[in-house]
1. Which of the following residues is on the phi < 0 side of the Ramachandran plot and touching a residue at least 40 places away in the same chain (Cβ under 8 Å): 51, 68?
Amino acid sequence: MRQRQSPQKPMVVLPRWAQLPGKRRPAGRCPTLGSVLALLARFWKALSGRTQWRILWFRNAKFMVGVTGVVRDADGRILLLRHRLWPDGRAWGLPTGFAKRGETFEQTVVREVAEETSLRVRVGRQVRLGSGYQLRLEIAYEAELVGGDLRIDPLEILEARWFAEDELPDGLMRSHRELIAFREGGTARRRASSE
């Protein structure tokens, strides 16, 4: 009768500095992967939370966070801006910008709309969260106009106008067109021209 052989555990050789103090290995035996992981876990737990966080921060990807506001007035019109720095033919878009350290995404919407148009808004529900170009996270919120006089920042914005949903300008980014069409319940209303 043949005896079954148990599978061999992978063997790992630890450098002398990483060996557990006070434990001697039998001659010719290497620690198993399990003992290496136990050692790493012991080392990790000995670190302070702040040090663990910094190691993770350096080890992982960093993201810029682009935040967009779908701003509507009391009549349901959408605020669109013609951006100076955006590509020709795609210069129209929603108010958008990057989150600053220490602010919430909702605060970013309020700040960006105020910086670009001098308008005040109340932020509503989140309508999109996704990854953008390379290391960019994109998030969008609905927002409602609550006050202010429309005055653009000429460094960033060439023009700002209110548009009815069925009269959106040419040169509007496709992703912004989709955000405008987004409706309650997670569905997008399709325009007759796009069917």
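1. The match here is 68.
Yes or no, residue by residue, for (1) out of contact with any helix residue (DSSP H, G or I) (no Cβ under 9 Å at 6 or more places or on another chain); (2) at pLDDT 90 or above:
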residue	(1), (2)
107	yes, yes
150	no, yes
161	yes, yes
170	yes, yes
174	yes, no
184	yes, no
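The values are calculated or read from the model by the stated rules, or taken from the named source; none is laboratory data. What you see is a predicted model; the values in this text were computed from it and never measured. No Cβ is skipped: glycine too gets one built from the backbone with ideal geometry, and neighbour counts run over all protein chains shown.
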